[in-house]
Amino acid sequence: MRILWRWTKRLVFGLFALVLLLLLPVGYVEVACTGEAQTGESYVPLVAPEWRRPESRTLTTYPEWHIVHAYDDYARVIATGDPHDFSYLRAIAGFWTSLCPLKAQADGMGGMTGDQKMTIYTIGVSFTAELLAKAAYEETLGRLATLVRGPERAPLDDVSADQAARYAAFLQQVSWYKWDFRADVDELRSKGGDSLRDRERRVALGLEYRAKAAYARQIEAAVAGMGEDALRMRSVVSGLTPENLEGIDGVTVVSKSAGGIEIETDRYRAFTRIAERIAQAGGDFIEIAGNDDILFTALSSEPAFDDALFSFPLQASADHRHLVLTPVADLANRLRQPGSLKIEHVHDY
């Protein structure tokens, strides 16, 4: 009984220490990453109140996209390498270190709501726990399996790399919990051989995918109870006629006034592509979702960029990602003339 009690205490202490470790970044961001409210006249939106979104959301949408980018990095790494080649700790650190300047900037734009903080911190802790667990496995048993396999890739190495690439592409427009993880499990079963590496991948990834499938069902049920975020958004543009705008795929003209032409579009990655088409056609944005500032991410070979709130290197790439906050009125010109930057994603609200 004494031995059992001793190990029980150790287990409880270990779990407590793990929870504390996972929550440390949350405490740091809350205490150290603060900013001052902006002064001066506030912007008066043109779109109707029901189409206005809090301006700070252009900043608070990035943390979810950091996870999307991390999966994209991971897919790029294992396309030719192995999972232990991916820097899990760098991906985790990138989430929390990028969140710090974003939160400080958001404080000057009305601040984050309690719900926004809860969402960001929850996904941050979940992302951290997931990558730590994956790193612990891939750096030990996973790495051992690749040593036994040798330099030649097993069939399921290529299958899992393809799955990772398709998943990363899926996340560009659709929430992660809608991905069919069960189909990935079935694909692992149907493909590959009986080598140790294939059997190891089938078991390890199968367990990971089943856990994600179960978690995804819970998240989907929770989202269904609260209602999904709006998938459409309204903006006001100038420089183009209603006929010009109607000719751009994805744009619906709502009305025309002295302030400009109000349009309705999809959000997320689809909006980035639409904004690029509007800019190339000669249009300019006056406001987006009732706001006059917006965040975009861009890639370049340069490690730093003057306007960037935060910059960091990609994995398995020579590029760096830069987070840039710009006036909405300048967005189209940035898209038309990006300079040394390659505009990646415009973060709507």
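Bear in mind that the values in this text are calculations on the coordinates, not laboratory data. Only a predicted model underlies this, so the values are computations on that prediction, with no experimental measurement involved. Glycine also receives a Cβ, built like all others from the backbone with ideal geometry; neighbour counts cover every protein chain displayed.
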Projected-area mean, the stretch 98-222, by convex hull of Cα positions, square nanometres: 9.4 nm²
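Just want the ordering: 226, 118, from fewest to most Cβ atoms lying within 10 Å of their own Cβ. Intermediate values should be presented prior to the final figure.
On the way: 226 8, 118 11.
In increasing order of surrounding Cβ atoms, one gets 226, 118.
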Pairwise label distance in nanometres, residue 222 with residue 113, each label 7 Å out on the Cα-Cβ vector: 1.7 nm
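222 nm [θ] for the chain, helices only, -39500 (n - 2.57) per DSSP H run of 4+, per residue, to 500? It would help to have the intermediate numbers written out before the result.
Numbers: 12 runs with 186 residues, N = 349.
That comes out to -17500 deg cm²/dmol.
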Whole-angstrom gap from the stretch 160-206 to the stretch 67-121, using each part's C-alpha centre: 22 Å
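Expressed in nm to one decimal, what extension gain is obtained for the pair residue 126 and residue 189 from 0.36 nm per residue of sequence separation less their Cα-Cα distance? Can you show the working numbers first?
Values: separation 63, 0.36 × 63 = 22.68 nm, distance 2.74 nm.
Separation in residues times 0.36 nm, less the Cα-Cα distance, equals 19.9 nm.
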Separation of the residue 144 and residue 333 label points, Cα + 7 Å toward Cβ, nm: 6.1 nm
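If packing is taken as the mean number of other Cβ atoms within 10 Å per residue, what is the order of 93-101, 237-245, 24-32, 53-61, highest first?
53-61, 93-101, 237-245, 24-32
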Linear extension gain, residue 214 paired with residue 258, 0.36 nm per residue minus alpha-carbon span: 10.7 nm
Spin-label model distance (nm) - residue 153 vs residue 246, 7 Å beyond Cα toward Cβ: 4.9 nm
Within-13-Å neighbourhood charge of residue 130 [Cβ basis; K, R +1; D, E -1]: 0
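Rounded to the nearest 0.05, what FRET efficiency do residue 344 and residue 44 give with R0 = 41 Å and r taken as the Cβ-Cβ distance? Could you check?
Details: r = 31 Å, r/R0 = 0.75.
So, using R0 = 41 Å, E works out to roughly 0.85.
Under 4 °C and 1.567 mPa s, how fast does the chain diffuse according to Stokes-Einstein, given a Kirkwood radius computed over C-alpha pairs? Answer in µm²/s, whole number. If you can, show how the numbers build up before the last one.
Details: Rh = 22.4 Å.
Estimated via Stokes-Einstein, D reaches 58 µm²/s.
Kindly rank 133-142, 104-113 from highest to lowest mean number of other beta carbons found within 10 Å of each residue.
Values: 133-142: 15.4, 104-113: 18.2.
So the order, starting with the most tightly packed, is 104-113, 133-142.
Around residue 216, under 11 Å between beta carbons, what's the net of Lys plus Arg minus Asp minus Glu among the other residues? All intermediate terms of the calculation are to be shown ahead of the outcome.
On the way: positive: 178, 182, 210, 212, 217; negative: 180, 220.
Within the 11 Å Cβ shell, the charges total +3.
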FRET efficiency for residue 22 and residue 162, using Cβ-Cβ distance with R0 set to 30 Å, rounded to 0.05: 0.45
Centre separation in Å (Cα based) which lies between the stretch 223-282 and the stretch 283-317: 20 Å
In sequence order, calculated HN-Hα J values of the stretch 98-113 (Karplus, 6.51, -1.76, 1.60; Hz; x Gly/Pro): 6, 5, 4, x, 5, 5, 4, 5, 5, 4, x, 10, x, x, 7, 7
14 Å Cα-Cα reach of residue 212 towards aspartates and glutamates, excluding residues that sit fewer than 8 places from it in its own chain: 130, 180, 184, 220
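For 2, 210, 321, which order do you get if you count the other beta carbons within 10 Å of each Cβ and list the fewest first?
Working: 2 6, 210 14, 321 24.
Ranked by crowding around the Cβ, least crowded first: 2, 210, 321.
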Residue of 82, 162, 306 that the Gaussian network model of the chain assigns the largest fluctuation, springs spanning Cα pairs under 10 Å: 306
Amide hydrogen neighbours beyond the local backbone of residue 254, cut-off 5 Å, H modeled: 262, 263, 264
The chain: most fluctuating residue of 164, 79, 221 per GNM, C-alpha cutoff 10 Å: 221
Most mobile listed residue (293, 115, 266) in the chain, GNM with C-alpha springs under 10 Å: 115
